[in-house]
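Before any comments, here is the structure.
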Amino acid sequence: MAVQYISVDEATKRGGLRMVVVGNVPSPWGEAAKGILHIKGIDWAAVRLAYDSELLLQWAGQRSAPVAIYDDEAPRAGWAEILLLAERLARAPSLLPSDPAERALLFGIGHEICGEAGLGWSRRLQLIHLGLQNAGGFPEKVARYLGRKYGYNPETGEAAAARVADLLCMLAARLKAQQEKGSRYYIGNSLTAVDVYSATFTGLFRPLPQAQCEMAPGIRAAFETLDARTEAALDPVLLAHRDMMYAEHLELPLSL
């Protein structure tokens, strides 16, 4: 299902599901939301984030992405809010377990990947810190902008690498434990949203090939920056799971 991109003006005048996404960069939060909509076969229109658009700010309520807006309902920006909206719009296939304990596990792991201080958040701080230290990571101009936006300081930047490594190890251990039970997925024996989050956020460490994911050289180089601790924590089981997800469940090439 090819992504349809429309202007901010057109988006504000039509109904249905529209989602603001970061353009030309595989932001994992946006790619995860796209993946969920793709798996569920939900029709939607994309609006590229324009930081200088006052109309977009008024409509979406923020200069960030992804932001999902359905008909005249309030904008939804949180990863869990977007997932729950998608579940309401298309109940099948469900990406939430029916068992309450497994559902709680999904939201716990989901937060550790997507939420504040989670894997994506911590990796972003790590790349900001490296960029400002001239040690790889984001280009300095990007690093300074993101640092101001996400509350970077040298102490949080320095601590981010340990948090990233701990979370990568946790995810790898979870997958290995599931494989010992005969499952390829994080929870139970079937696909859930956590599998989508893991696959898309792995791109922050090992981006998909250029033919599948066109990226500017500077951003690709930033995402590929790995210190020794991070590289050791990036277990091959995470990359194998990512490749399985894109081969069987997610759309390629990415539409940015």
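Select from the stretch 51-83 the residues that are among the aromatic types (Phe, Trp, Tyr), touching a helix residue (DSSP H, G or I) at 6+ places or on another chain (Cβ under 7 Å) and modelled with pLDDT under 95 and list them in ascending order. Please lay out each step first, then the result.
To start, the set of residues in the stretch 51-83 that are among the aromatic types (Phe, Trp, Tyr) comprises 51, 59, 70, 79.
This time we only want the ones that are touching a helix residue (DSSP H, G or I) at 6+ places or on another chain (Cβ under 7 Å), so: 59, 70, 79.
Listed by number, the list is empty, since nothing qualifies.
For (1) under 24 Å from GLU87 (Cα atoms); (2) part of a helix (DSSP H, G or I); (3) aliphatic (A, V, I, L, M); (4) in contact (Cβ under 8 Å) with a residue 40 or more places away in the chain, each residue gets a yes or a no:
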position: ALA161; (1), (2), (3), (4): no, yes, yes, yes
position: ARG174; (1), (2), (3), (4): no, yes, no, yes
position: VAL196; (1), (2), (3), (4): yes, yes, yes, yes
position: PHE201; (1), (2), (3), (4): yes, yes, no, yes
position: ARG229; (1), (2), (3), (4): no, yes, no, yes
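Looking at ILE42, ILE69 in this structure, which one is touching a strand residue (DSSP E or B) at 6+ places or on another chain (Cβ under 7 Å) and either among the polar types (S, T, N, Q) or assigned to a strand (DSSP E or B) (or both)? Break it down stepwise before answering.
Numbers: ILE42 fails: either among the polar types (S, T, N, Q) or assigned to a strand (DSSP E or B) (or both).
Just one listed residue meets the conditions, ILE69.
I'd like the residue in the stretch 87-134 that is among the hydroxyl-bearing types (Ser, Thr, Tyr) and assigned to a loop (DSSP other than H, G, I, E, B) and, out of all such residues, is farthest from VAL196 (Cα to Cα). If you could, list the steps in order and put the result at the bottom.
Taking the stretch 87-134 first, the residues among the hydroxyl-bearing types (Ser, Thr, Tyr) are 94, 98, 122.
With assigned to a loop (DSSP other than H, G, I, E, B) added as a condition, the list becomes 94, 98.
Working: SER94: 13, SER98: 18 Å.
Here the answer is SER98.
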Q) Mind checking which pairs have a first residue in the stretch 124-138 that is on the phi < 0 side of the Ramachandran plot and a second that is among the acidic types (Asp, Glu), Cβ under 7 Å, 6 or more apart or different chains? A) HIS129/GLU158; GLY131/GLU140; LEU132/GLU140
Q: Give me the pairs, please: first residue somewhere in the stretch 86-114 and without any contact (Cβ under 8 Å) to a residue 60 or more places away in the chain, second residue anywhere and assigned to a helix (DSSP H, G or I) and among the β-branched types (Val, Ile, Thr), beta-carbon distance under 8 Å, and either six or more positions apart or on two chains.
A: ALA86/ILE36
Q. Any idea which of (1) open to solvent by 30 Å² or more (accessible area, probe 1.4 Å); (2) of a type outside the set (Ser, Thr, Tyr); (3) closer than 13 Å to LEU175 by Cβ is the one HIS241 doesn't satisfy?
A. (1)
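Would you mind stating whether SER255 is open to solvent by less than 70 Å² (accessible area, probe 1.4 Å), touching a Lys or Arg at 6+ places or on another chain (Cβ under 8 Å) and over 27 Å from PHE107 (Cβ atoms)? Break it down stepwise before answering.
Details: open to solvent by less than 70 Å² (accessible area, probe 1.4 Å): yes; touching a Lys or Arg at 6+ places or on another chain (Cβ under 8 Å): yes; over 27 Å from PHE107 (Cβ atoms): yes.
Spelling it out, SER255 is indeed open to solvent by less than 70 Å² (accessible area, probe 1.4 Å), touching a Lys or Arg at 6+ places or on another chain (Cβ under 8 Å) and over 27 Å from PHE107 (Cβ atoms).
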Q) Which numbered condition trips up ILE36, out of (1) touching a residue at least 24 places away in the same chain (Cβ under 8 Å); (2) surrounded by fewer than 17 Cβ atoms within 10 Å (Cβ to Cβ); (3) under 27 Å from GLY118 (Cβ atoms); (4) not small (Gly, Ala, Ser)? A) (2)
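The values are calculated or read from the model by the stated rules, or taken from the named source; none is laboratory data. The structure displayed is predicted, hence computed values, not measured ones. Virtual Cβ from ideal backbone geometry, glycine too; neighbours counted across all protein chains shown. Note: accessible area is taken over every heavy atom of the protein model, side chains too, but ligands, DNA and RNA are not part of it. Shrake-Rupley method; radii C 1.70, N 1.55, O 1.52, S 1.80 Å.
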